[in-house]
Every structure is written in structure tokens, then in C-alpha cells.
Amino acid sequence: MDLENSIKYSIMLDFYGNLLTDKQLAVAKMFFYDNISLSEIAGLDGLTRQAVYDIIKRIKFLLIEYEQKLGLYGKYIESKKFLKKHLNNNLLNEFTKIWEN
């Protein structure tokens, strides 16, 4: 997965992570936030690499589905573009901190 998609999924996880099961959220955090490999996650959770792959695939599907229905990531990106155009960088940085913390 490229860096841009990784960042996108990480932000969507911030928005929609609480809609996932506890197990899905734990795996997603390790994969997207901590950049832990599928094999390492499998070893930590007592799963096979294929099982972790399937969980990540399902998480990606769910995050995209939630985004299509709720649109929070898109609104975040559009808000950021608008503010970048109309505000100075200090205010934009404050906006980003509010959304990403």
C-alpha cells in the first residue's frame, strides 16, 4: 500500500474506528498506526498471516463503506483545502491538530 492510501486509511480509522469490533480495531491500529507487518500481527495475536490479511481487507472495505455513507473524511479534506486557501498556516495547523488528535 502506498503512503497516500496508508494516510487516508489512518485518518478514516480515526473517524470510524469505533464502528469496528474490538478485534478489528486492535489489528487496524497495529497495521495502520504502528506499521506492524501482517506476519508480526499474526504472531502477536496467534493468527495466521492469511487471517490477518483477511481482517485488514475487511477493515478497508468497512472504512470505505462508512466513508461512502457518512463522508467525514471527504468533508475533512475539503475543509482543510478551504482553510488552506483562506487562512494562514498557523490557523491551518491548529485546525489539523483538532481533527487529528
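The values are calculated or read from the model by the stated rules, or taken from the named source; none is laboratory data. None of these values were measured; they are calculated from a predicted model. No Cβ is skipped: glycine too gets one built from the backbone with ideal geometry, and neighbour counts run over all protein chains shown. For the accessible areas, the whole protein counts, side chains as well, though only heavy atoms, and no ligand, DNA or RNA atoms are used. Shrake-Rupley method; radii C 1.70, N 1.55, O 1.52, S 1.80 Å.
Step through the table entries 8/81; 23/60; 60/85; 29/57, compare each Cα-Cα distance with 24 Å, and write down the pairs that go over it.
Checking Cα-Cα distances, 60/85 exceed 24 Å.
If you rank 56, 64, 36 by how much accessible surface each has, with a 1.4 Å probe, what is the order from largest down?
64, 36, 56
Can you find, among 33, 99, 55, the residue sitting farthest towards the positive end of the charge dipole of the chain, where Lys and Arg contribute +1 and Asp and Glu -1 at Cβ?
Farthest towards the positive pole: 99.
Mind checking which aspartates and glutamates have their C-alpha under 18 Å from residue 80, skipping anything on the same chain fewer than 8 residues away?
Excluding near neighbours in sequence, the set is 4, 14, 67, 94, 100.
With all protein chains present and a 1.4 Å probe, how do 37, 10 order by accessible area, largest first?
37, 10
Could you tell me what percent of the accessible area of the chain is made up of carbon and sulfur, with a 1.4 Å probe and every protein chain present?
For the chain, the apolar C and S fraction of the accessible surface comes to 53 percent.
How big is the charge dipole of the stretch 1-68 about its Cα centre, in debye rounded to the nearest 20, if each Lys and Arg gets +1 on its Cβ and each Asp and Glu gets -1 on its Cβ?
For this selection, approximately 160 debye.
With a cut-off of 8 Å between alpha carbons and a minimum separation of six or more residues, what is the relative contact order of the chain in percent?
The value is 27 percent.
Quick one: accessible area per residue over the chain, 1.4 Å probe, rounded to a whole number of Å²?
Result: 68 Å² per residue.
Considering all alpha-carbon pairs of the chain, what whole percent are spaced by more than 20 angstrom?
44 percent
Using only helices, what value at 222 nm comes out for the chain when you add -39,500 (n - 2.57) per DSSP H run of length 4 or more and divide by the total residues, to the nearest 500 deg cm²/dmol?
The helix-only estimate for the chain comes to -24500 deg cm²/dmol at 222 nm.
Taking Cα atoms of the stretch 31-74, Rg/Rh with Kirkwood Rh, to two decimals?
In the stretch 31-74, Rg relative to Rh is 1.10.
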